[in-house]
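Written below as structure tokens is the structure these notes are about.
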Amino acid sequence: MRVRRSLIDLDDLTAEELAGVFDRTADFEQTPPGPLLAGKACVNMFFEESTRTFTSFNLAELRLGADVVNLAPKSLSLATKGETLEDTALTLGALGICVVVVRHHEPGFPQRVALAFDGHVVNAGDGVHAHPTQALLDIYTLIEEFGELENRTIAIVGDILHSRVAHSTVRGLARLGASVVLVGPEAFLPASYAGDRISVERDFDAVVPNVDAIILLRIQRERFVEAPISDREYVDRFRLDHRRLALARKEAIVMHPGPYNRGVELDDSVLEFAGWRYARQVQHGVAVRMAVLDLLVNPR
Ligand code: NCD
């Protein structure tokens, strides 16, 4: 049996493993699974801010009966005493840690941990690179809504270039047979992002009536120095507001990985829209992360 040790990006999962994660998520939401990680220790290392992801990983680990240690970056010898990442990983292995969940601003950081650590690593977001568990919970939310995603069209709107969520989600959706329409200004969406089942569009008004779901993204201001587009132009061209929402299909849904900025990528009418699924996404986060931890630690 091939054993999946770590989850760095969605491409790490075979089609079978991907389906397995979604099946387990559904099962765990129906019936709490009990202490599948009893006696296993999980360390959460978040070098970047997090509310949703950090809390839901914690809850997932606790609900699976794991021992949980949260290491704040400032308390790590890695940050202040000159210990290398590789030696930190060795140390955690010697302590018998089973799973390390890591978020870091440097793309590739979780992969480096995985290479040095004798256990499982879950990427909770590395710079602009990837955020596989957010992509999984977003895709799970879409599957819950639509069933099969073949023949569905999903728009992802905004700062795609700097969004690790978008990078992971796009690949996952395309793999599941959905058509993906990326929408944004040149500075946030290079034309080269177009590919098999993935198109690049600049005119949001023209896209809204033709899609089953719209995933909005936050402008990742922490990832660039000077904004390449003014807020005013962004709002004019890409904000989902009352007027644009009126163009949407009646059964369309709107999603956002959070945190969302009111007035920038959406206005308050979106928060009152019947198809607004943000809370569902957050709710699925715990079960999806339980499913990932179970897949890695208890392969069947
Ligand atoms: C995202 C992230 O951190 O990449 N948030 C999340 O994990 N739910 C998106 C963002 O910060 O805009």
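The values are calculated or read from the model by the stated rules, or taken from the named source; none is laboratory data. The structure displayed is predicted, hence computed values, not measured ones. Quick reminder, even Gly has a Cβ in these numbers, built from the backbone with ideal geometry, and neighbours come from all protein chains shown. Just so you know, the surface numbers come from the protein's heavy atoms only, side chains and all, with ligands and any DNA or RNA stripped out. Shrake-Rupley method; radii C 1.70, N 1.55, O 1.52, S 1.80 Å.
The table below gives the values:
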| quantity | calculated |
| --- | --- |
| For the range 260-271, 3J(HN,Hα) per residue [Karplus equation, 6.51 cos²θ - 1.76 cosθ + 1.60, θ = phi - 60°, Hz, x = Gly/Pro] | 9, 9, 4, x, 9, 7, 8, 10, 5, 4, 5, 5 |
| Length-normalised contact order for the range 1-78 - Cα pairs under 8 Å, 6+ apart - percent | 31 |
| Net charge dipole size for the range 132-281 [Lys, Arg +1 and Asp, Glu -1 on Cβ; Debye, nearest 20] | 200 |
| Label-zone membership for the range 21-53, site Ala279, 7 angstrom Cα→C-beta point, backbone N under 18 Å | 52 |
| Over the range 228-278: Kirkwood hydrodynamic radius from C-alpha pairwise inverse distances, Å | 11.4 |
| Principal axis dimensions, largest first and in whole angstrom, of the range 141-300 by Cα | 52, 37, 30 |
| Extreme residue, positive dipole direction of the range 1-159, given options Ile8, Gln111, Asn44 (C-beta unit charges) | Asn44 |
| Whole-Å semi-axes of the ellipsoid equivalent to the chain (Cα gyration tensor, √5λ, descending) | 33, 22, 17 |
| Amide hydrogen neighbours beyond the local backbone of Lys40, cut-off 5 Å, H modeled | Asp67 |
| Within the chain: Cβ-based charge dipole about Cα centre, in debye rounded to nearest 20 (Lys, Arg +1; Asp, Glu -1) | 300 |
| Listed residues Arg232, Arg202, Arg152, most fluctuating in the chain (Gaussian network, C-alpha, under 10 Å) | Arg232 |
| Accessible-area value, Met290, 1.4 Å probe, nucleic acids and ligands omitted, Å² | 10 |
| Fraction of accessible area attributable to carbon and sulfur, the range 1-158 (%, probe 1.4 Å) | 52 |
| Solvent exposure of the chain as accessible area per residue, Å², 1.4 Å probe | 43 |
| The chain: DSSP helices with Cα axial extent of at least 15 Å and average Kyte-Doolittle hydropathy no lower than -1.0 | 15-30, 52-63, 132-146, 164-175, 278-297 |
| Candidates Thr141, Thr80, Thr91, ranked by Gaussian network fluctuation over the chain, Cα under 10 Å, top entry | Thr80 |
| The range 194-245 - percent of accessible surface contributed by carbon and sulfur, probe 1.4 Å | 45 |
| Accessible heavy-atom area order of His162, His129, highest first, probe of 1.4 Å | His129, His162 |
| Bins of 10 Å, starting at 0 and running to the largest distance - Cα pair percent for the range 1-95 | 12, 35, 39, 12, 1 |
| Helical mean residue ellipticity (222 nm; -39500 (n - 2.57) per DSSP H run of 4+; nearest 500) of the chain | -11500 deg cm²/dmol |
